[in-house]
Amino acid sequence: MTEWLTPAVATPLAVLVALGLDRWLGEPPARWHPVVGMGRYLGFMGARIAPRVEAAGASAAAAFVGGALAWCVGAALVMALAFGAAWGMAQWAWWWQALVLGVLLKPLLAWRMLRDEVQAVETALGASLAEGRARLAWLVSRDVAGLDAAQVRESAIESLAENLNDSVVAPLFWFVVAGLPGAALYRFANTADAMWGYRGERQGRDWTWAGKWAARADDVLSWVPARITAALLAALVAARRCSALPAQARRTPSPNSGWPMAAMALALDVRLGKPGVYELHGAGRSPQAADTAHALQLAGRVVVVLACVALVWAMLNLRGVS
């Protein structure tokens, strides 16, 4: 789909390079990490577009327009940089393009870090509930103070399933569809949603309208990948109960996150949920430590499937390379 900018064979090979670098090296230093740069921009602009909670009578329209404009400017900058990098190597040999594109794609996905963070929650929970809660707070934005051990584990497994899409499947999907600019745009949109996409107050600012554009943009860009992620998880277990996936997925407020989370709940036959907000597979049992290990195994298999698809795709395309 990206032959206009990148040779067909370079795209799947770049995916393999990115996944290999993620496995062996993990995340690059923060000062070189493009997502950290996106976060700095979003933090800077967020302090200027979202009104203080105490600012009674703040204009909803002004907050919405400000948020939309700041998002569009950031997205345009990110895409321009990514497009410039891809365009600059357009005349290079396909194997050199594949290598450099893979290096540039790697920071836009993060399977190893996600896996390690979820495992760290389980390890901390094995030491004490307080340590488990503290470690979970690194991974999720919800209030963890009142969670019991089962709820800490539920939150970690939910985050694993949701971020399997956000941090792996979706960036790769958009890379295949629109090359490096597509992956960069998705990562920007997902980061903006994580920082701005709140209903109401966060850190003293009202995001009801200021973050609405960011939240909706992420919903649109995540719609297809979220369902692909759910389908991959369901296919790996081929469980009869996965026929309930669509109904369970719609139980969450988000139009997308419920799909991978519900698929994981059904695959593990456990109950997942956010107290007072939603419950997925309520007939399932409470998750145990072994379920976290099983969830990590399933998510890892999804990554392996993606790598195998990229490998087969590359091999087929290599036949046409002289």
- Task: Restrict the check to region 249-261 and report whether at least one residue is part of a helix (DSSP H, G or I), touching a residue at least 12 places away in the same chain (Cβ under 8 Å) and surrounded by fewer than 19 Cβ atoms within 10 Å (Cβ to Cβ).
- Result: no
- Query: Taking region 271-317 as the region of interest, how many residues are closer than 24 Å to V17 by Cβ and surrounded by 14 or more Cβ atoms within 10 Å (Cβ to Cβ)?
  - Reply: 13
- Can you run down the residue pairs with Cβ atoms below 6 Å, 6 or more apart or on separate chains, where the first is in region 96-118 and within 18 Å of F173 (Cβ to Cβ) and the partner is acidic (D, E)? K106/D22; W111/D22
- Task: Quick one: E54 ticks every box in (1) out of contact with any helix residue (DSSP H, G or I) (no Cβ under 8 Å at 6 or more places or on another chain); (2) modelled with pLDDT of 95 or more except a single one, so which number is it?
- Result: (2)
- Restricting attention to region 203-235, report how many residues are of a type in the set (D, E, K, R) and without any contact (Cβ under 8 Å) to a residue 12 or more places away in the chain. 1
- Note on the structure: Residue set G179, G204; condition at pLDDT below 95 and surrounded by fewer than 17 Cβ atoms within 10 Å (Cβ to Cβ); output residue G204
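Residue by residue, here is whether (1) of a type in the set (D, E, K, R); (2) modelled with pLDDT under 95 holds:
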| residue | (1), (2) |
| --- | --- |
| A110 | no, no |
| G126 | no, yes |
| V140 | no, yes |
| D143 | yes, yes |
| I157 | no, no |
| E162 | yes, no |
| D166 | yes, no |
| L172 | no, no |
- Selected residue [part of a helix (DSSP H, G or I), without any contact (Cβ under 8 Å) to a residue 12 or more places away in the chain and either touching a Phe, Trp or Tyr at 6+ places or on another chain (Cβ under 8 Å) or of a type outside the set (V, I, T) (or both)] from A70, A76, A86, A61: A76
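The values are calculated or read from the model by the stated rules, or taken from the named source; none is laboratory data. Since the model is a prediction, treat every value here as computed from it, not as a measurement. Neighbour counts run over all protein chains shown; Cβ positions are idealised from the backbone, glycine included.
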